[in-house]
Amino acid sequence: GQDEPFITFSNLPEIADIMIYTLSGTLIRTNHKNDASASYRWDLKNDSGARIASGMYIAIVEVPELGQKILKIGIIQPQKRVHFE
């Protein structure tokens with residue numbers, strides 16, 4: 001939906017691990033890809049299932065026998081409105 005942001009990692013091999021870190025080095029999510037598609041869609045949630053905050057993050061894409069690729073990611077989360085009655 002419109003309120004469910006995501007990031008797509010593309011041009012991936014069948015097996016890959018994508019680790020997401022804060023800039024201070026805290027691991028917030030490990031994603032395991034093991035399918036024939038060339039992409040992986042991350043729902044911008046941490047390992048506990050909570051949505052991450054807006055900010056800068058580091059993604060390390062690790063592929064067996066090929067090595068690692070390090071990416072910087074800027075996330076800007078949409079505002080979420082809560083209505084109380």
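The values are calculated or read from the model by the stated rules, or taken from the named source; none is laboratory data. Keep in mind it's a predicted model, so treat the numbers as computed, not measured. Cβ placement follows ideal geometry from the backbone for every residue including glycine, while neighbour counts extend to all protein chains displayed. Quick note on the areas: whole protein, heavy atoms, side chains included, nothing else; ligands and nucleic acids left out. Shrake-Rupley method; radii C 1.70, N 1.55, O 1.52, S 1.80 Å.
In the set (1) under 18 Å from Ile73 (Cα atoms); (2) out of contact with any Lys or Arg (no Cβ under 7 Å at 6 or more places or on another chain); (3) at pLDDT 95 or above, the condition left unmet by Lys33 is number (1). The strands (runs of 3 or more DSSP E) found entirely in the chain that carry 3 or more residues being at negative phi and open to solvent by less than 50 Å² (accessible area, probe 1.4 Å) are 15-22, 27-34, 55-63. Just give me the residues in the stretch 1-31 being over 12 Å from Val63 (Cα atoms) and of a type in the set (Val, Ile, Thr), in sequence order. Listed by number, the residues that qualify are Ile7, Thr8, Ile20, Thr22, Thr26, Ile28, Thr30.
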